[in-house]
Amino acid sequence: MTINLRVLATILTPAMILLAPMAIAQSPEDSRYIDNPAAASSSGLTSGNGATEPLADAGIARKKIVKASRTALKRSSTAALVDPVISVSGYGNYCSKTWPSTGGSAFGYNTNGGDPCAFIDPNNTGQLQRKGLYSSSGWNNVILRCDIGQPQQGQWFWTGKGNDPLGWAFETAYGSPGKSNCVFTVAPREMPIFHEPFDNLTLAAGSGFDFARSPYNTLDVTIFGQSGSTTAKKVDYRGRDVTGLNFIDDHTGHDWGIAKGTKLKAVADGVVVRAETYYKSAPCDAVERHVYIRHKVCGKNNYCEEFMSYYTHMNSTSVNTGDIVSQGQIIGESGDSGCVPAHLHYTVARLTNISSSLKRAILFTDRGTNSLGQRIDVASNVYDWAIDPFGWVPLNGPDPWSLRGYPNGAMSINLWVTGHAPTPVK
């Protein structure tokens, strides 16, 4: 381990001295995507493979310092429910802050689980934009957005191992002048915390998550190294054109055709945010049953990610709102409620580090209650930040939902524990 002093020019302030541990690391094969051609030209980056300066794999924190006032953060409306914590190891922490009044920003990350927010902003004067986990040695995806709407700026995407893609994003944001209000969003490709929602792992899903979603609706799958249409309306997690299969257009989850009465299980520890039977006026004037479970995953220093599991068309529920559930616990039975053929519709949404903000609450709406006290036509915004729990794993190319869905959208992560994943669409 060596210690290096580097002098970096900041965007808005005089030069500063950065003291950080540095080590030589192998630069892995990486995939890059620049959404704004003008930004690509100004940054000197091109799409395709290429390495930049390797950064420390033993832990590094980097920052830009500006002067600004402190900005308060909003709390989730479901914060009153106490979440059990799923502890994970092998993940580093990252932090992205901005000072909107001056256009300044700061980005820090630490492989060993240190506190980069405290490092980049010790006086806590900046606005917290993102704070979460990334894989210390595995593959990570990184999105950088600098003042979206400014013609000389734009958004960038990288994928690579360990700290490398975070370092590439840092150098792009701060290696040359002309960028402001830069926000970094990071996600590991894999975070194995989920077990099967039902016992039969051989049953293939009938429909999966469609990445060709509004507001863009079609995708050129050749960008992802696949053969097929340049205007595919249905695209799966491998970037394949599945328009001719049974995929449901704009589908935001997975459908497994399991028999009515099949036991359904919590995929991980969590808290039940909603469990109810509600009245569904269309298309059949009948009831539907669903369960929402929130999962909180934490590394060191209270750096956490949150996800929501949504099960619907259930025949019965055996948990109540506010219940703490354990992985594998029975939460009810599958069914055909809501006037559909018997199956499980299962959706996963990200609640933290989504495309446009640090955190979003799941909000519910309905049309009042009927004479039985049942809510009428319950709906939620869970689909705005739905992700594919099988991840985004094409031959190449960026996660389109996390880039093009803005201000909705989020980066998908493979959340299944090896040997405990249900079968996706074959």
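The values are calculated or read from the model by the stated rules, or taken from the named source; none is laboratory data. Since we're looking at a predicted model, the values are computed, not measured. Here the Cβ positions follow ideal geometry from the backbone for every residue, glycine too, while neighbour counts run over all protein chains shown. Protein only, heavy atoms only, side chains kept; ligands, DNA and RNA dropped before computing areas. Shrake-Rupley method; radii C 1.70, N 1.55, O 1.52, S 1.80 Å.
At a 1.4 Å probe, what is the % contribution of carbon and sulfur to the accessible area of segment 208-256? Could the numbers behind the result be given before it?
Values: 940 of 2060 Å².
With neighbouring chains kept in place, the figure for segment 208-256 is 46 percent.
Output the pairs from 296/359; 131/300; 161/426; 233/260; 131/161; 234/359 with a Cα-Cα distance over 21 Å in this structure; if there are none, say none. Display every interim value, and only then the final one.
On the way: 296/359 13 Å; 131/300 12 Å; 161/426 28 Å; 233/260 31 Å; 131/161 19 Å; 234/359 28 Å.
Going by Cα-Cα distance, 161/426; 233/260; 234/359 fall outside the 21 Å limit.
For the ranges 405-418, 131-144, what's the packing order if you count other beta-carbon atoms within 10 Å of each residue, average per peptide, and put the highest first? If you can, show how the numbers build up before the last one.
Values: 405-418: 20.5, 131-144: 23.2.
Per-residue Cβ counts within 10 Å, averaged per peptide and sorted highest first, yield 131-144, 405-418.
Leaving out ligands and nucleic acids, and using a 1.4 Å probe, what accessible area per residue does segment 264-362 come to in Å²? Walk me through the numbers before you get to the answer.
On the way: 2940 Å² over 99 residues.
Result: 30 Å² of accessible area for each residue.
For residue 176 and residue 286, calculate 0.36 nm times their separation in residues minus their Cα-Cα distance, and state this gained length in nm to one decimal.
Result: 33.6 nm gained on full extension.
Give me the extension gain from residue 201 to residue 329: residue separation times 0.36 nm, minus the current Cα-Cα distance, reported in nm with one decimal. Intermediate values should be presented prior to the final figure.
Numbers: separation 128, 0.36 × 128 = 46.08 nm, distance 1.69 nm.
Length gained between residue 201 and residue 329: 44.4 nm.
Which length gain, in nm to one decimal place, applies between residue 227 and residue 259 when the Cα-Cα distance is subtracted from 0.36 nm times their residue separation?
Working: separation 32, 0.36 × 32 = 11.52 nm, distance 3.52 nm.
Extending this stretch completely gives an extra 8.0 nm.
With the cut-off at 1.5 for a/c, could you classify segment 81-209 from its C-alpha gyration tensor as rounded, prolate or oblate?
Since a/c reaches 1.5 and a/b is larger than b/c, the shape of segment 81-209 is classed as prolate.
Considering every Cα-Cα pair within segment 310-405, what fraction, in whole percent, is farther apart than 22 Å?
Details: 2125 of 4560 pairs.
The calculated P(r) of segment 310-405 puts 47 percent of pairs beyond 22 Å.
Could you pull out every residue, at least 5 positions away or on a different chain, whose amide H is within less than 5 Å of the one on residue 280? Hs are placed 1.01 Å off N in the peptide plane, and Pro or chain starts have none.
Correct list: 286, 287, 288, 377.
HN-Hα J couplings of segment 306-320 from phi, Karplus 6.51/-1.76/1.60, θ = phi - 60°, integer Hz, Gly and Pro as x?
After applying 6.51 cos²θ - 1.76 cosθ + 1.60, I find 10, 10, 10, 9, 10, 10, 9, 6, 6, 7, 7, 10, 10, 10, 10 Hz.
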